[in-house]
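Structure first, commentary second.
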Amino acid sequence: MVIGRVIGRVVSTRKYEGMQGVKLLVIEPCFGNKSDYFVAADELGAGEGELVLVSKGETARHALDKFAPIDAIVVGIVDGEPTIEISRAGVSNE
């Protein structure tokens, strides 16, 4: 899973029948390479600027009620930005 921020929408007037009614969002990952934007399907109603939890990979398509050729889907809207503490154990400043 990936925590990311919604930075835009993909507007598509024609799409696969199983994806009718499903929003497509552009997601920027919060951690790792921030330029690795990706598109995720969304049925929860996430909006631009919100933090979301995204499931990626082949299993993402099982989150929809009908078959759709997706590889990422929003599975949660995150209430607050997580913090990660990196342990400096074993790291020398010399």
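Since A68 meets every condition but one in (1) aliphatic (A, V, I, L, M); (2) in a loop (DSSP other than H, G, I, E, B); (3) at pLDDT 90 or above, which condition does it not meet?
Tallying (1) aliphatic (A, V, I, L, M); (2) in a loop (DSSP other than H, G, I, E, B); (3) at pLDDT 90 or above, A68 fails exactly one: (3).
Yes or no, residue by residue, for (1) in contact with a strand residue (DSSP E or B) (Cβ under 8 Å, 6 or more places away or on another chain); (2) not in a loop (DSSP other than H, G, I, E, B):
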position	(1), (2)
T13	no, no
V26	yes, yes
A46	yes, no
T59	no, yes
I86	no, no
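For region 20-36, which residues satisfy the criterion of being surrounded by fewer than 14 Cβ atoms within 10 Å (Cβ to Cβ), more than 10 Å from G4 (Cα to Cα) and either in contact (Cβ under 8 Å) with a residue 40 or more places away in the chain or acidic (D, E) (or both)?
D36
On the given criteria, is A41 more than 17 Å from P82 (Cα to Cα), under 12 Å from the mean Cα position of the chain (by Cα) and either assigned to a helix (DSSP H, G or I) or at pLDDT below 90 (or both)?
no
Could you tell me which residue of region 51-65 is farthest from the chain's Cα centre (by Cα), considering only residues that are at pLDDT 95 or above and among the β-branched types (V, I, T)?
Applying the filter and picking the extreme gives V52.
The values are calculated or read from the model by the stated rules, or taken from the named source; none is laboratory data. Note that the structure is a prediction, hence the values are computed from the model and not measured. Glycine gets a Cβ as well: all are built from the backbone with ideal geometry, and neighbour counts include every protein chain shown.
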